[in-house]
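Asker: Quick one: this structure, given as structure tokens, is what I'll be asking you about.
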Amino acid sequence: NESNIKTVSLTVTGANDAPIIEDVTNVVNENDLNDSLLVPNYNYSGLLTGIDADLNDTVNFEYVGNLIIKLTTTQSAIVAAVNADTAESLAFLKAEFTQAISNPLIATVISEYATLQNVAAGILAAPSVSTLVTYLNSFEEVTVDVATGEITVEGEVPQSYVNKLEEENLLFIDVQTDGNYTISSPLFNSMQEDQSIKFTFDYSTNSSETN
């Protein structure tokens, strides 16, 4: 005996699947950066990738912001100066730190341009090595490790300062819709071998249907 015939009905509704992207981490030596016509070791170029489950969709990339700059330097001379704790070592440290905050990338992390004069004044006014280190460590963005001589400045740069750096031709971050991106700065070429700089920024994607 055969049963009655019945029907299976399945409806699949379309969905605009969000592209899948991942964090990207790269480490590169200054000498491996790309040269420009006027400045050697000027920029880094990379490629962002994304996957969209929708076969007919094209993934478009864009820069979101939230730029974080981390600058690190390690100097044995700093350890020696801290341990010596003399007038000469204090003068050396004041000169080192005053010069450091003149770096525009550090300036945008530590404070507003208008108040850098006050930071420099605070450095120069420190009566002792310990007071100077305490003063610098009072900034949320600054860490001075007197045991290793490592100085780290890290913080998020407001978009207004990112714009100012671009206006002054000091930093450019460009993310193309196809995922190609570049980070460029003439300041890369002024770095010493005991220095490093790390850039972190957010990006996102959207998808568009390809006809």
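Asker: Check V146, V129 and return the single one that is in contact with an Asp or Glu (Cβ under 8 Å, 6 or more places away or on another chain) and among the hydrophobic types (A, V, I, L, M, F, W, C).
Answerer: After applying the criteria, what remains is V129.
Asker: Could I ask something else about it? Every residue in the range 152-188 that is outside any strand (DSSP E or B) and surrounded by 15 or more Cβ atoms within 10 Å (Cβ to Cβ), please.
Answerer: V157, Y161, V162, K164, L165, L170, L171, G179, S185, P186, L187, F188
Asker: Applying the selection to the range 70-103, what residues are surrounded by fewer than 16 Cβ atoms within 10 Å (Cβ to Cβ) and farther than 30 Å from N169 by Cβ?
Answerer: S76, A77, A80, N83, A84, D85, T86, A87, E88, A91
Asker: Please give the number of the condition I173 fails out of (1) closer than 21 Å to T74 by Cα; (2) at pLDDT 85 or above.
Answerer: (1)
Asker: Restricting attention to the range 121-151, which residues are open to solvent by 60 Å² or more (accessible area, probe 1.4 Å) and of a type in the set (G, A, S)?
Answerer: A125, S130, S138, A147
Asker: Can you confirm whether I123 is in contact with a Phe, Trp or Tyr (Cβ under 9 Å, 6 or more places away or on another chain) and under 29 Å from S185 (Cα atoms)?
Answerer: Taking the combined requirement at face value, the residue satisfies it.
Asker: Further, regarding this structure: So, restricting to helices (runs of 4 or more DSSP H) that lie completely within the range 67-148, which ones have at least 1 residues that are acidic (D, E)?
Answerer: The qualifying helices (runs of 4 or more DSSP H) are 87-100.
The values are calculated or read from the model by the stated rules, or taken from the named source; none is laboratory data. Here the structure is a predicted model, which is why all the values come from computation and not from measurement. For neighbour counting, all protein chains shown are included, and Cβ atoms are generated from backbone atoms with ideal geometry for every residue, glycine included. Surface areas here come from the heavy atoms of the whole protein model, side chains and all, with no ligands, DNA or RNA. Shrake-Rupley method; radii C 1.70, N 1.55, O 1.52, S 1.80 Å.
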